[in-house]
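Enquirer: Dropping the structure in here first, questions after.
The values are calculated or read from the model by the stated rules, or taken from the named source; none is laboratory data. In this text, all values refer to a predicted model and were calculated from it rather than measured experimentally. Because the Cβ atoms are built from the backbone with ideal geometry, glycine has one as well, and the counts that use them run over all protein chains shown. Heads up: the accessible areas ignore ligands, DNA and RNA and are worked out on the full protein's heavy atoms, side chains in. Shrake-Rupley method; radii C 1.70, N 1.55, O 1.52, S 1.80 Å.
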Amino acid sequence: MPSGHVQATVDGTVVAESETYELVEGNVYFPPSSIKSEYFSKTDLHTYCPWKGDASYYTVKVGDKELTNAAWYYPETFEKAKHIKDYVAFYKNKVDIVTA
């Protein structure tokens, strides 16, 4: 598990931050306890990954800015992806990810 300060921001507002995270396929996965839940609402979108499982999505809303399906997580995973169960990743073209 990588370590070091990492933040997810929308227009300068921090929506998630942690000192530990997982890095999978170039995406930072934040521990579930690190997201600021007031900015997140679950959506009906689900996608399938053959090695991780079924992903569920969040819309991220900061002020008047609503980013539909901007974040995803795996509520149930296959064996190889157990380390990211419930961890949250973001589309980099919607949310800024900064690692230090």
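Enquirer: Can you give the accessible area of residue 45, probe radius 1.4 Å, in Å² rounded to 10?
Expert: Looks like 70 Å² after rounding.
Enquirer: Which one is right for this structure if Rg and Dmax of the Cα atoms in Å is calculated from it: (1) 20.6, 65; (2) 16.7, 55; (3) 12.7, 39?
Expert: Given (1) 20.6, 65; (2) 16.7, 55; (3) 12.7, 39, the structure-derived one carries the label (3).
Enquirer: Can you tell me the relative contact order of the chain? Whole percent, Cα pairs under 8 Å, sequence separation 6 or more.
Expert: Relative contact order for the chain comes out at 28 percent.
Enquirer: Using a Förster distance of 22 Å, how high is the FRET efficiency between residue 3 and residue 85, based on the Cβ-Cβ distance and rounded to 0.05?
Expert: That gives a FRET efficiency of 0.70.
Enquirer: Just order 89-96, 77-84 by mean Cβ neighbour count inside 10 Å, highest at the front, would you?
Expert: With the highest mean Cβ count within 10 Å placed first, the list reads 89-96, 77-84.
Enquirer: Lysine pairs, Cα distance under 25 Å, 8 or more residues apart or cross-chain: how many in the chain?
Expert: Number of lysine pairs found: 28.
Enquirer: Go through 77, 43, 100 and say which Cα lies farthest out towards the positive end of the charge dipole of the chain; charges sit on Cβ, +1 for Lys and Arg, -1 for Asp and Glu.
Expert: Projecting each Cα onto the dipole axis, the largest value belongs to 77.
Enquirer: Please calculate the 1.4 Å probe accessible area of residue 48, with all protein chains present, and give it to the nearest 10 Å².
Expert: Surface open to solvent at residue 48 totals about 140 Å².
Enquirer: Determine the share of the chain's accessible area contributed by carbon and sulfur atoms, expressed in whole percent, with a 1.4 angstrom probe.
Expert: Carbon plus sulfur share of accessible area: 49 percent.
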